[in-house]
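Following: one structure in structure tokens, then a few remarks.
The values are calculated or read from the model by the stated rules, or taken from the named source; none is laboratory data. On a predicted model such as this, the values are computed, not experimentally measured, just so you know. Heads up, the Cβs are rebuilt from the backbone with ideal geometry, glycines too, and the neighbour counts pull from every protein chain shown. The protein model used for the area step is the full one, side chains on, heavy atoms only, and it has no ligands, DNA or RNA in it. Shrake-Rupley method; radii C 1.70, N 1.55, O 1.52, S 1.80 Å.
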Amino acid sequence: MNNLNIVLKFSYLISKICNCTPRANLFLKIYLFLIVSLTDFGYLFPGLRISKRFTSVSCIEKVCGEFYSEKSNSQKGIFEIDRALVNSLNKYNETLLCIYKFIARKNEKVLLNFSHFEINSQAPECMNEYIDTYIEVNDQTLGSYVETNFLSRWCGWKKPYLLVSYHNIIIIAFHTDGRNKDTYFKGTYEFINADIYNNGRKSTSSCTYEFKSDVSKSGMFMSPTYPGTYPNILNCSYRFIGRPDERIQIDFEEILIHFGADHCPYDVIKLYDYQKVSTFSSKLSPTKFGLESQYDPNIKYEKVLFESYCGRKLNFTVFSTNNIFEIEFEMFDSLGNEEYSEDENKIMLRKGFKAFYKFSNQFADLSFITGTHITGTNCDQKIKSSQPNGIIYSPNFYRIHPINASCKYIFEGLDDSHNLESVKLNFYLIDVKQSTAKNICNENNVSHFVVYGSDRSKSKYCFNRLSKEPRELKSLGAHMTLIFNSINVDHYTPSNFKASYNFYTEFGIEGTRVYQNRTCLFVYNSESVMYGTINSPRYPQNYPLNIRCTYIFELSSNNERILFTFKDFKLDNTNHHANCSKYIDNLSIYQTKDYSTDLAEGKYDKTNSKQSWTLLNRFCGNTIPTPIISDENAKTVVVTFYSDSFNYAQGFLASYDFLVIRECKYHYFTNDNLSDGKIIIKNEFESTYNCDWYIKSEPGKSFLLAFKNENLVDTKSNQFVIRIYDMNENLLNSNQLTSYQNSDSDLLENSDEKRKEVLREKNHFFPKYEYTLDNSIKHYQIDSTYIRIQLVIGKDMSFNNGRLILSWLAAKKSSGAHCKSNEFMCNQTKFCIKSTLFCDGIEHCPNDFSDEPEKCFVEHAKQTIFPAYIQLTSFVSSIVVLVFFLFVCLMCRVKSVKKSKKKPDLKVNTNPNPLIYYKYSPANSSSSNSIDFLEAAITSV
């Protein structure tokens, strides 16, 4: 019948392809029938054999082996294939179903292990022959075993895993068509005692176990078929009930189950902890478990899932929080084709688990826990910064019965884009047996501490005493773990400690931290350190929002200054404010001529509102500021960093240097004889250089400044700056910062005070202009009679061989059409400047630069207004002087020839630009407008 079906299928297919006639189609069918009948066609086309499997006319079913524990003198033996029976099969129309039964006593299980396995069929299809295994058969289902849960099918060369019966019977069914003469399998069986499997089992019909402290204080338990392959679909529960003062310890020796994914969607072992709750809703009561008399009826429990396992896990321990614990083992039909994977790493044995339990009241009493007990551990706890400070103790602190335990104290501070916290431990008491071992980490006979993430070591730090003060530990970041290994050889060996902890905001800023009243307050003193760096909180990470940090610098002498050199500067300016306001992200620098008080005591007292504060500068945006230096006689410099609540950025990094500045200050008072000058800056100037020029002019005049850069280059960007101050304007603003209430600005905020004392800025000392070497603007006009020119060179500045010429000029606008006879008038601005400045190579006239035309000499001749008689007199005088000079030279030459003695050596001044200083003293001056101090530097040409 099967051959006829094959012929019909092929003939129909060929006739469709070839479009055969009915007569040709008939001959084709007869021809194909003969071929199929005389040929094992199935070997050529395996796909056509599907309908032939075990549907032949004759299917032989036979019990090939029965092995009974009651009928055998031995509890173990060997089983193998009945080769003679297989060879007797007719390979064309007979198949064999060979049954092997292994039946143990009621209190026994069957253990089956294949030693040889060669089944000629390709896994996982297993077409010709295979072995089916059944492990959930019992006495009631022995006759209908095929209706029980099927475990697995095996073929090929990979032998089945170890099998253990769920009840007391295992059946294996061998299917073959007898085609392969090399098929062979062999194995061993053993009847084992089932007491270790039935320990705590409530009934043989269910997989529910219960272990009570009254029955046994310790023991072993395992999955129902361990170490054999567990069933496909089954749920088992293991419940442990102790006395009220007891806890439960579970030691897992092995877990080996199917791994579906990290979240264990298939086979899984779940651990439940029963935790006490104060109110009763739908919570569980221990009276359900049969120990009513031992429990307070008012205590209710909540069943909490705290861990799930799948895959493989070896040798680990869990503890209950109270006296009730539960384990659930859920098995699903997740086998699939895993057993047949060609990748050995993907093949997962499904053995189940093996574990040990113990009831005891000698475990750690969790009443010593300060933070939150980590469920499943003996005495580990997690302390978060939501509890900002507190006390931690050793387990069973000074109890009569100390314990041997390893307890973890895990400190977790905030660590995100807005917060960075650290923790500090101060040990009040360490009462343990001292050890002289060099490597205390490996000490097993004395109690000791192990710390991870502390300032003592980046990785691991061990100790059992802290003899040096301060007896403290600080975390390197937001997390630190302290492990106390309490080892008690006897009850008389002390093993106790007590320490306080404190979480604080970590800003990653160098300096002396002042913890009182402020969260971000640092103090720097030149008597402690002369240089260093300051930065925004958490730099180079983004700074937090809504934060204000204060950096206080105390100068110890009058000739000492503080220099700030900026290396990086990136503040948020997404709103593109035109003005650098104190209400957006900014860095402000203040100074005062008064000392701040109480710094030695570790606090900053700002109650003295009479301190005169001056705002030196304020910086915003992303442009790196130029160096800035404090003024002379400044006693305290305060740097404040503020961020708003909108956006954050990387922040700033700056170096600071306490400098003892040599006197470099010049005062000029202009008059008819001194109305202009030059400041020449070249490579003779050193880094961290500072100099001031104060220039005061007559009323009604303005200052014209011109810069001429002769190839002077700032090799380090933003390390060179010349600031020009309008002293009249700054003196008008010269006042003090006054205090008032209910403002949103606070220079030195005191978070501990209920009343916010805030400071309003009235005094500032901002420069009118700033000039850097890459500045495109080289001319400035200041309508003031008093200016200050300040040169500041940063710490990292290095000069080349060029120079910079700053020419300053005090000039007055002409009230008429012409200036004085010895003056030149600028075309547009009408300033009158000395005629000697015309065509001197520097553009003095602002805007039009008419004093330096393209054809400088021609234009100079055209605009000369000197009278003709003066020009003639000058020419004649020049001729007379020249003739006289030649006559003197001739006479000197004749006289030198007559003299034979050697000419004396002459000292030659090689300085091309000698400086001549004119000093005026008020005591020697008869003028009522005497000058306090004047130094005029005249450079010879």
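For Gly532, nonlocal amide neighbours, meaning residues 5 or more places apart or on other chains whose placed amide H falls under 5 Å from its own, are Tyr656.
Residues Glu560, Glu328, Glu307, sorted by accessible area with the largest first, give Glu307, Glu328, Glu560 [1.4 Å probe; ligands and nucleic acids excluded].
Averaged over its residues, region 57-193 has an accessible area of 46 Å² per residue, based on protein heavy atoms and a 1.4 Å probe.
Measuring with a 1.4 angstrom probe and ignoring ligands and nucleic acids, Lys384 comes out at about 100 Å² accessible. When the listed pairs Lys433/Lys460; Lys682/Lys795; Lys270/Lys351; Lys303/Lys382 are checked against a 19 Å cut-off, the alpha-carbon distance exceeds it for Lys433/Lys460; Lys303/Lys382. The heavy atoms of Thr372 offer some 90 square angstrom of accessible surface to a 1.4 angstrom probe. Of the solvent-accessible surface of region 57-193, computed with a 1.4 Å probe over protein heavy atoms with every protein chain present, carbon and sulfur atoms account for 47 percent.
All distinct Cα pairs of region 57-193 go into the 1/r average, and the inverse of that average, the Kirkwood radius, is 15.2 Å. Note on region 612-672: Cα Rg divided by 2.2 N^0.38 Å, N the number of residues, gives 1.61. Phi angles of region 168-181 translate, via the Karplus equation with coefficients 6.51, -1.76, 1.60 and θ = phi - 60°, into HN-Hα couplings of 9, 9, 10, 10, 10, 10, 9, 10, 8, 9, x, 6, 9, 7 Hz per residue; Gly and Pro are given as x.
Nothing charged except the Cβ atoms of Lys and Arg (+1) and of Asp and Glu (-1): what's the magnitude of the dipole of region 57-193 about its Cα centre? Round to the nearest 20 debye.
Values: 15 positive and 17 negative charges, 64 e Å.
I would put it at about 300 debye.
Largest accessible area first, the listed residues Val215, Val277 line up as Val215, Val277 when surface is computed with a 1.4 Å probe on the assembled protein chains.
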